[in-house]
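One structure is given below, encoded as structure tokens.
The values are calculated or read from the model by the stated rules, or taken from the named source; none is laboratory data. These numbers come from a predicted model, not from an experiment. Backbone-built Cβ (ideal geometry, glycine too); neighbour counts: all protein chains shown.
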Amino acid sequence: MFTPIAGRAVVVTGGTRGIGKGIAAVFAGAGARVLVTGRDEAAARTAADEVGAAGYVAADVSRKADCEKVAAAAAERLGGLDVLCANAGVFPSARLGDLAEDDIDRVLGVNLKGTILTVQACLPLLRASGHGRVILTSSITGPVTGYPGWTHYGASKAGQLGFMRTAAIELARDGITVNAVLPGNIMTEGLAGLGNDYVNGMTAAIPMRRLGTVEEIGHTALFLATDEAGYITGQTIVVDGGQTLPESPEAVS
Ligand code: NAP
């Protein structure tokens, strides 16, 4: 039996839809007080209402001032911060030969720099918590696999893990753990935008023959946030229905 996390203060970046909204719903359902963030304020308000979050704040994680705004909102509205789910991310596709400098800046700016800025801004609150938890949403793409069109995205997601390993060491004496969830293909608004061919192709490549749900990522994050997971730091959990296991297409046919 896990110690309940009811009452804990939780921030979920990119919590307005998709995986972040699923994480927010799972934490709110467990009685945590959740602050949802995203760039679109109206969407953040709606998501907060739908998942039963304690509040919302509009913020772009690629901007330091916005990350500081999120931390200030957590201090003001939640009275502190115990769990930071740094989940906001983008995954536009472009082959290496066509990749514009702006594409690289945007993907690295949101996914990698945004992760660092968010954690940095929330550090004082996480230290004050005494049992701070940082849970990154990385990906199988980059850390484990590759996929055409996502050189920049894969680099950003692998980069998150490089950040995580040193942050975990630096923050260990503050009682803060830093871990990452590596989703496979999870059915979200963003993923649906990649089209039916992509979704069908991925479904066929997954031994469980289905995409994951946002709640399945939420429950993994919830585990990492428990007191009982307090000795786990700098680690990754792949949640992919077995997608990274087959050695060849025949192995999954
Ligand atoms: P999604 O449905 O497109 O949702 C993305 C969320 O991030 C939204 O709430 C969006 O809100 C927010 N966001 C985007 N840019 C932002 C920025 N600059 N600042 C703050 N918030 C921002 O995507 P998803 O599929 O749920 O993916 C969420 C995370 O999971 C990403 O890090 C992604 O790389 C990772 N992931 C997803 C999958 C998958 O299969 N879906 C697999 C592996 C990893 P606004 O647009 O309002 O800002």
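Looking at the stretch 178-197, which of its residues are over 20 Å from residue 112 (Cβ atoms) and more than 10 Å from the ligand (Cβ to nearest atom)?
195, 196, 197
Specify the residue that is farthest from the ligand (Cβ to nearest atom); the eligible residues are those in the stretch 203-234 that are β-branched (Val, Ile, Thr) and within 19 Å of residue 88 (Cα to Cα). Give the steps one after another, and end with the answer.
As a first pass, look at the stretch 203-234 and keep what is β-branched (Val, Ile, Thr): 203, 206, 213-214, 217, 220, 226, 232-233.
Now narrow it down to the ones that are within 19 Å of residue 88 (Cα to Cα): 213-214, 217, 220.
Working: 213: 10, 214: 7, 217: 8, 220: 12 Å.
By that ranking, first place goes to 220.
Please determine whether any residue of the stretch 87-110 is within 18 Å of residue 170 (Cβ to Cβ) and in contact (Cβ under 8 Å) with a residue 40 or more places away in the chain. Step through it out loud before you land on a result.
As a first pass, look at the stretch 87-110 and keep what is within 18 Å of residue 170 (Cβ to Cβ): none.
There is no residue in the stretch 87-110 that is within 18 Å of residue 170 (Cβ to Cβ) and in contact (Cβ under 8 Å) with a residue 40 or more places away in the chain.
How many residues are among the polar types (S, T, N, Q) and surrounded by fewer than 18 Cβ atoms within 10 Å (Cβ to Cβ) when one looks only at the stretch 36-59?
Applying the first criterion (among the polar types (S, T, N, Q)) to the stretch 36-59 yields 37, 46.
Now drop any that are not surrounded by fewer than 18 Cβ atoms within 10 Å (Cβ to Cβ), which leaves 46.
Going through the stretch 36-59 one residue at a time, the tally reaches 1.
Out of (1) within 9 Å of the ligand (Cβ to nearest atom); (2) over 25 Å from residue 18 (Cα atoms); (3) hydroxyl-bearing (Ser, Thr, Tyr), the odd one out for residue 141 is which?
The one condition residue 141 does not meet is (2).
Assess whether residue 133 counts as being crowded, with 24+ Cβ neighbours inside 10 Å, touching a residue at least 12 places away in the same chain (Cβ under 8 Å) and basic (Lys, Arg). Give the derivation first.
Details: crowded, with 24+ Cβ neighbours inside 10 Å: yes; touching a residue at least 12 places away in the same chain (Cβ under 8 Å): yes; basic (Lys, Arg): yes.
Spelling it out, residue 133 is indeed crowded, with 24+ Cβ neighbours inside 10 Å, touching a residue at least 12 places away in the same chain (Cβ under 8 Å) and basic (Lys, Arg).
Here is a list of conditions, (1) surrounded by fewer than 16 Cβ atoms within 10 Å (Cβ to Cβ); (2) in contact with a Leu (Cβ under 8 Å, 6 or more places away or on another chain), and residue 241 meets all of them except one; can you say which number that is?
(1)
Which residue, of 77, 95, 63, 33, is among the basic types (Lys, Arg), buried (at least 18 other Cβ atoms within 10 Å of the Cβ) and at pLDDT 95 or above? So that I can check it myself, show each step before the final result.
Values: 77 fails: buried (at least 18 other Cβ atoms within 10 Å of the Cβ); 95 fails: buried (at least 18 other Cβ atoms within 10 Å of the Cβ); 63 fails: buried (at least 18 other Cβ atoms within 10 Å of the Cβ).
Of 77, 95, 63, 33, the one residue that is among the basic types (Lys, Arg), buried (at least 18 other Cβ atoms within 10 Å of the Cβ) and at pLDDT 95 or above is 33.
For the stretch 89-103, give me each residue that is in a helix (DSSP H, G or I) and within 15 Å of the ligand (Cβ to nearest atom). Step through it out loud before you land on a result.
Filtering the stretch 89-103 down to residues in a helix (DSSP H, G or I) leaves 96-98, 101-103.
102, 103 - these are the residues of the stretch 89-103 that are in a helix (DSSP H, G or I) and within 15 Å of the ligand (Cβ to nearest atom).
Look through 175, 142, 146 and report the one residue that is surrounded by fewer than 18 Cβ atoms within 10 Å (Cβ to Cβ), farther than 24 Å from residue 10 by Cβ and modelled with pLDDT of 95 or more.
Details: 175 fails: farther than 24 Å from residue 10 by Cβ; 142 fails: surrounded by fewer than 18 Cβ atoms within 10 Å (Cβ to Cβ).
From the options 175, 142, 146, the qualifying one is 146.
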